[in-house]
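Following: one structure in structure tokens, then a few remarks.
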Amino acid sequence: MTGKERLETALAHREADRVPLDLGAMPFSGIVTVAYRNYSRYSGLELPEPAVADVKQQLAACDQRLLETLGVDTRPVRRGRSAKQTDAITRDGAYECFVDEWQLGWRRPVPDGLYFDLFQHPLADLSLEAVKRFAWPDPAAPERFEGMEAEVATLAAGGHALVMGGFCAGVWEMSLWLRGYDGFYLDMAAEPELADWLIGKMVDLKLAYWEQALGRVGQYVSACYEADDLGAQDALMVSPPMWRKLVKPHQARLFAGIKALAPHVKLVYHSDGAIFDVIGELIDLGIDALNPIQVSASGMGDTARLKATYGRDLCFWGGACDSQHTLPHGTPAAVREETKRRIGDLAPGGGYVFAGIHNIQADVPPANLEALWETFAAEAGY
């Protein structure tokens, strides 16, 4: 099977010749540059210095030799997210900083910072009328799509499964970023009209992008993704009633809009954390696959239960090995044991894509990565 055939078979809840493998098709299934360099040296591949695929998270753009060596089935199409990622990075005291096209400010400490974190929220403390006058980025700007058709056609010709990203982070997450977390939580409680308008505006912008992107290359795409982290370590980040009132209706409109634009494309939804109790509602919203299956979060660790409860209606994308404990801090033997168990829980009958639980972080030993991928190679066939 080609990568495209393998992924689409799994997403149709059928067993392919083996479980499909993803590395880096989404900005939460990749590997950070530090871990990438360490594995490159350890494995003897001696890969060239990677380009940075995601500046904020410092994700590596994986070399084709690594993807082919591991047998990765997926390839990313996420030009829209980074269309303006040429913003100048400047030095400000102990930080290097940049401001993106949303006027969000990002910074990381130098010389040892691993990520860029938010420090500037352009809509903080503004009234609803002032928020409406904000200079919104143009989701249909021509530079977002320059060369996209040729790039995607080349990837598709290689038999790869193409996974397309959207315009920006999730509709709720972007609202939190733009207003500031404390400010937008207060909005949801005390200024629900503003909160409702802002999330709705994000849906409008996203659908304008998806219309352009899927209209141009949707025929080549196997899956697209949206993301909104609903879960923390032990519970949802927002009360279920407030999510249902203020966020869920907007997610419903977004997901329905994407499905209408490309009915053949499967929709992957990313949320970390303890979200077991709302998975059924997410399925009702139309998602086809859930990522990343954070097994260390409350209620998410029993992957056999997840498969039994939701596996008829939902594909699982991720869940390879506990990324908070086992993968960074366990022995290679522990990584092998857990990885084998997760594949055994999630793969039977199809409906599973093997991937890390979020991005592979800088503290993951290369020996553990080798154990992860070797166990996948040994266990993922049928």
Residue in the stretch 141-154 that is under 24 Å from L11 (Cβ atoms), without any contact (Cβ under 8 Å) to a residue 40 or more places away in the chain and not charged (D, E, K, R) present: yes
All helices (runs of 4 or more DSSP H) inside the stretch 266-382 with 2 or more residues being among the charged types (D, E, K, R) and within 23 Å of S40 (Cβ to Cβ): 366-379
Of the criteria (1) part of a helix (DSSP H, G or I); (2) of a type outside the set (A, V, I, L, M, F, W, C); (3) in contact (Cβ under 8 Å) with a residue 40 or more places away in the chain; (4) farther than 16 Å from R79 by Cβ, which one K206 fails: (4)
Selection count, the stretch 222-232, where residues are among the aliphatic types (A, V, I, L, M), crowded, with 18+ Cβ neighbours inside 10 Å and either over 17 Å from E151 (Cα atoms) or more than 16 Å from the chain's Cα centre (by Cα) (or both): 2
Condition check for A12: crowded, with 16+ Cβ neighbours inside 10 Å and not aromatic (F, W, Y): no
Residue match in the stretch 299-320 (condition: within 26 Å of E5 (Cβ to Cβ), surrounded by fewer than 22 Cβ atoms within 10 Å (Cβ to Cβ) and of a type in the set (V, I, T)): yes
Among the residues listed as I283, I293, the single one being surrounded by fewer than 21 Cβ atoms within 10 Å (Cβ to Cβ) and among the β-branched types (V, I, T): I283
Residue in the stretch 25-41 that is of a type in the set (D, E, K, R) and assigned to a loop (DSSP other than H, G, I, E, B) present: no
The stretch 237-247, subset of a type outside the set (V, I, T) and touching a helix residue (DSSP H, G or I) at 6+ places or on another chain (Cβ under 7 Å), residue surrounded by the most Cβ atoms within 10 Å (Cβ to Cβ): L246
Count of the stretch 140-164 residues which are modelled with pLDDT under 95, part of a loop (DSSP other than H, G, I, E, B) and not aromatic (F, W, Y): 4
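The values are calculated or read from the model by the stated rules, or taken from the named source; none is laboratory data. What you see is a predicted model, and the numbers here were worked out from it, not measured in a lab. Positions of Cβ are generated from backbone atoms using ideal geometry, with glycine treated the same way; all protein chains shown enter the neighbour counts.
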